[in-house]
1. Those residues that are small (Gly, Ala, Ser) and under 12 Å from His133 (Cα atoms), I need them from the stretch 94-120; list them, please.
2. If I filter the stretch 112-136 down to residues being in contact with a Lys or Arg (Cβ under 7 Å, 6 or more places away or on another chain) and aliphatic (A, V, I, L, M), which single residue comes out as surrounded by the fewest Cβ atoms within 10 Å (Cβ to Cβ)?
3. Confirm whether Ala33 is under 26 Å from Asp128 (Cβ atoms) and hydrophobic (A, V, I, L, M, F, W, C).
Amino acid sequence: MTRLHQAPPRPSQAELADFLAREFPQSKCSIEALGPRSATVRHPVGESELRPGGTVSGPVLMTVADVALYVAILGEIGIVPLTVTTSLNINFLRKPAGDRDILGVCTLMKLGRTLAVGEVSLYSEGSDEPVAHVVGTYAIPRKD
């Protein structure tokens, strides 16, 4: 029995890291872990990421969540660059530490042919309490 449509090979963590470095050189995010329907990314926090009061800015937290979702999805479907965010809902839960990296831990909840939904918990490194919770949806381009 032959398969008409074979799934693309899953990229390795190193292949995804190379892709991100090449296509998103402005990003400070790095891939900490890549697993089945999951990913963990890290964003170092510096003075330029802080808001008054020493808290990490919302755009940094949103970026970490978005990258974690993207990495988890591409880890499953292969490197499909035009997979894009269609919605991102974030709940800020507590003040992130301004002197620690932000970690985004993503789990995919649904992975279909044209849509993927995942959730990301964001943490200040070393803390077990999430600083934010994110749910996002991505559109996956159709294969013609």
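1. Restricting attention to the stretch 94-120, the residues satisfying the condition of being small (Gly, Ala, Ser) are 97-98, 104, 112, 116, 118.
Scanning the stretch 94-120 gives Gly104, Gly118.
2. Within the stretch 112-136, the subset in contact with a Lys or Arg (Cβ under 7 Å, 6 or more places away or on another chain) is 114, 116-117, 124-126, 129, 131.
Filter once more, so that each one left must be aliphatic (A, V, I, L, M): 116-117, 131.
Details: Ala116: 25, Val117: 17, Val131: 20.
Applying the filter and picking the extreme gives Val117.
3. Numbers: under 26 Å from Asp128 (Cβ atoms): yes; hydrophobic (A, V, I, L, M, F, W, C): yes.
Spelling it out, Ala33 is indeed under 26 Å from Asp128 (Cβ atoms) and hydrophobic (A, V, I, L, M, F, W, C).
Throughout, read-outs are computed from the coordinates displayed, never taken from laboratory work. Being a predicted model, the structure only gives us computed values, none of them experimental. Neighbour counts run over all protein chains shown; Cβ positions are idealised from the backbone, glycine included.
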